[in-house]
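Notes follow the structure.
The values are calculated or read from the model by the stated rules, or taken from the named source; none is laboratory data. As the structure is a computational prediction, the values presented were derived from the model and not from experiment. A quick note on method: Cβ atoms are made from the backbone with ideal geometry, for glycine too, and the neighbour counts reach across all protein chains shown.
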């Protein structure tokens, strides 16, 4: 079914269809509603409909008939209906299950076939709404006639467009009503709204009364993002920022280490904003605020922290080979992501919003050299201006693979990383625990808060090393000059079969870099031991300062060797 679904579903549907994107609906809807805030414009109406319990309500006979009408083989249709009718439910009453209750309608959530079946059911509505245009009383929404646009769908979210007059709106919503009777899918009036522009208040009220859907206002949430008639502002993005802050404040995030926070930032916090960033050119103020929240969370564990970052955020966004931690620079990634829309326009992809732009703006001109058209929305105008970045690179070829645009390739092209650092392999090839690797990374940048640095910041503390009480604490002394540290290193090196005494910091880093290049088992264990020993000494130093606890040299060595054995295995 997946192989043919795109051939039987019209371009007005984007949900669940391979090769179609949710951003298509959002970008086209943004273009169609951009003038709704103006006073003197031609009459227009948009109806937003959310379906009520869509998966649970669709009728099986309706689906069977749709499959047959679309030309699916009768044997295949029989298989599908057998899968649907095998569903049954049981209810626990006082801890005991009732006899199975067979289902009579609806689709199973989680079934990989269900999204395609739902799209097939919605295709009936799509074709029915398309046929409304043959009604002589129906008038198109402005800038919709050339492509016969009467609606757009994504799963159970529906937008319908018409001229704001009673015959057009009645014909459009009448088609939806007939679809509801046939399919069992009803409108959820709590999630549905009607929007009008260019008409009197009395006519707007008549339309609302006729279709029974309340009047809405801009901006409103459509497919998870704000649909607005003006430029996206900081206030419009507050739900996004609040969602990120809520994740930072969650109970599970409070007790994370540096490595745990980094993983949360990379996999969760960046992922939350990525959906928005792939659609819009985000306001810089929003991107900077998100980066500020992530930066504060990393170094303090809270989004409100005021601690100065030991390493700049720009540096942390560099690749590990360039001294960074491979985090994402959100502003640059946003620029790279929206170039994908530019590529779609340049390639004239078979997508509804691309066709619409070419019909109403490009008009057979050379897309790459034509001036920026007048009347574009703020978002599309920003996307259009990104042509300069592509022209500097020559063309799109270096950013595509297997006929698809790769955002990461564009991102790497835009990211200015500088040169590689000498110790890159210690971090890039690290097999140590993430906690140890991050502390070593800070040490390599000489950004660990040792006492000499703290006193340099004006903090009035005693400068003696807590492990030996014999000399002032510095990075060099703490890890290699301190007699306590030397004993630990001596024991670790002996077990790693390295017959030499501990050297100075720079020489040890150089030695570890060489070992990190090797794929030999002994060298891998030695590079792990280097990172874990640095981390263990840092933990011992902190335990002595903050908890007044001291562990024996043998205890620390055993712990290091145990971790090395576990990580190597």
Being touching a residue at least 24 places away in the same chain (Cβ under 8 Å), in a helix (DSSP H, G or I) and farther than 28 Å from residue 152 by Cβ is the requirement here; does residue 411 meet it? yes
Item to complete: Determine, yes or no, whether residue 62 is touching a residue at least 60 places away in the same chain (Cβ under 8 Å), outside the structural domain of residue 355 (by TED's automatic domain parsing), within 21 Å of residue 184 (Cα to Cα) and part of a loop (DSSP other than H, G, I, E, B).
Response: no
* Asked: Does residue 512 meet the test of being in the same structural domain as residue 564 (by TED's automatic domain parsing), over 20 Å from residue 561 (Cβ atoms), surrounded by 14 or more Cβ atoms within 10 Å (Cβ to Cβ) and in contact (Cβ under 8 Å) with a residue 12 or more places away in the chain?
  -> no
Subset of the range 107-138, residues surrounded by fewer than 21 Cβ atoms within 10 Å (Cβ to Cβ) and in a loop (DSSP other than H, G, I, E, B), comes to 108, 109, 110, 111, 112, 113, 135, 136, 137, 138
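Anything in the range 175-195 that is part of a helix (DSSP H, G or I) and touching a residue at least 12 places away in the same chain (Cβ under 8 Å)? List them, or say none.
Hits for the range 175-195 are 175, 176, 178, 179, 182, 183.
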Checked the range 232-255 for anything modelled with pLDDT of 90 or more and in a loop (DSSP other than H, G, I, E, B); matches are 232, 233, 234
(1) in a helix (DSSP H, G or I); (2) touching a residue at least 24 places away in the same chain (Cβ under 8 Å) all hold for residue 497 apart from (1)
In the set 442, 448, the lone residue that is under 26 Å from residue 554 (Cβ atoms) and either assigned by TED's automatic domain parsing to the domain that holds residue 525 or in contact with a strand residue (DSSP E or B) (Cβ under 6 Å, 6 or more places away or on another chain) (or both) is 448
**Asked** Condition test on residue 223, is it under 21 Å from the mean Cα position of the chain (by Cα) and outside the structural domain of residue 173 (by TED's automatic domain parsing)?
**Response** no
Over the range 207-227, the set of residues touching a residue at least 24 places away in the same chain (Cβ under 8 Å) and surrounded by 17 or more Cβ atoms within 10 Å (Cβ to Cβ) is 207, 211, 213, 222, 223, 225, 227
Here the residues within the range 221-231 that are in a strand (DSSP E or B) and out of contact with any strand residue (DSSP E or B) (no Cβ under 8 Å at 6 or more places or on another chain) are 225
Take residue 286 and decide whether it is modelled with pLDDT of 95 or more and surrounded by 14 or more Cβ atoms within 10 Å (Cβ to Cβ).
yes
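Considering only residues that are part of a loop (DSSP other than H, G, I, E, B) and surrounded by fewer than 16 Cβ atoms within 10 Å (Cβ to Cβ), which ones fall in the range 257-282?
Taking the range 257-282 as the starting set, the residues that turn out to be part of a loop (DSSP other than H, G, I, E, B) are 257, 278-282.
257, the sole residue that qualifies.
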Note on the range 462-494: residues closer than 19 Å to residue 546 by Cα, part of a loop (DSSP other than H, G, I, E, B) and more than 44 Å from the chain's Cα centre (by Cα) are 462, 463, 465, 466, 467, 468, 469
